[in-house]
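This report refers to the structure that appears directly beneath it.
The values are calculated or read from the model by the stated rules, or taken from the named source; none is laboratory data. Fair warning: this is a prediction, and the values are worked out from it, not measured in the lab. The area values use the complete protein model at the heavy-atom level, side chains included, leaving out ligands, DNA and RNA. Shrake-Rupley method; radii C 1.70, N 1.55, O 1.52, S 1.80 Å.
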Amino acid sequence: LDAARLYKTKWKTLLGAVAVSAFLANPAQIGALFCLVVGVSGSFPDIWATSISMLFGGTAAAIPLTPGGIGTRDAICMLGLVAGGVDSVSAKAAPLVFTSIFVALSLFGGLLFAFDSLFKRKDIKSSDNQA
């Protein structure tokens, strides 16, 4: 509720964030899981089962049961993939690989942030300082 209050006057920003999530992030995650299932199993899963698995898995990961939803997302995705006809070994492996990639990219971003001061930057002066 506090976050909603903070964005009360910035509703366009909030709608933009929702739109990016709905139209960019979710399809990218669904596509990644689909490709991982194909890579692990060698067969094409049902796209609807993959979509529902990732959407439910992402929703479950948002519930703060584990740090970053690790394990929670994987379990829900696995159950959805098995229900969609993916063999149980591939249904377990694909979400785990997805989470491994997700965590590795997050750690890389965190390291860039943590060691930001080590990178040299060109000093950009504003037009106010040049006058």
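Within the chain, which complete DSSP H helices have Cα atoms spanning at least 30 Å along the helix axis and a mean Kyte-Doolittle hydropathy of 0.5 or higher? Sorted by number, the helices that extend far enough and score high enough are 88-114.
Semi-axes of the stretch 12-131's equivalent ellipsoid from the Cα gyration tensor, sqrt of 5 times each eigenvalue, largest first, rounded to whole Å? Show your work: numbers first, answer last.
Values: eigenvalues 267, 58, 38 Å².
After scaling each eigenvalue by five and taking roots: 37, 17, 14 Å.
For the chain, the carbon plus sulfur part of the accessible surface works out to 70%, probe radius 1.4 Å.
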